[in-house]
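What follows is a set of notes on a single structure, which appears directly below.
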Amino acid sequence: EPMDHPSPPVLTVVVVAYGMTRELPRTLHSLSPAYQRGIDAADYEVVVVDNGSPVPLDDIVAGAPFDARLIRLDPAPASPARAANVGVDAAQGGLVGVIMAGARLASPGLLATPGRVEVGKPDLATG
């Protein structure tokens, strides 16, 4: 008997963070379904990549107002490039966005923007 599996998200947002204990909760709130407009919670996922923070970000991610995944690199190289690539590799969405600093705040309609771009076209949606 086939099992029902939820369909994969349309979009994955990868947040690369290092030691952002004050800023990361605000960033995660700005990515929450309660804050974002024009996109359903089931249509996106958030993957936080802790790039070797001195104090692991586990508690902050666990306390997010939605279910975010955490990947911790430890030890991690000084450059965030590997962390971004690890997050992209873990993405389940067909579209992937990367926030390179966990101190960024997403505007309320940011996550709906990629859905307005036709897949397969050379256009680029940025926010």
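Largest first and in whole Å, the equivalent-ellipsoid semi-axes of the stretch 57-113 read 20, 16, 12, each the square root of five times a Cα gyration tensor eigenvalue. Remark: the stretch 1-88 carries 56 Å² of accessible area per residue (probe radius 1.4 Å; ligands, DNA and RNA excluded).
When the P(r) of the stretch 1-109 is calculated, the portion above 24 Å amounts to 20% of the C-alpha pairs. What part of the accessible area of the stretch 32-116, given as a whole %, is carbon or sulfur when the probe is 1.4 angstrom? Percent of accessible area from carbon and sulfur atoms in the stretch 32-116: 54.
The values are calculated or read from the model by the stated rules, or taken from the named source; none is laboratory data. These figures come from a predicted structure and were not determined experimentally. Ligands, DNA and RNA are excluded from the accessible area calculation, which covers all protein heavy atoms including side chains. Shrake-Rupley method; radii C 1.70, N 1.55, O 1.52, S 1.80 Å.
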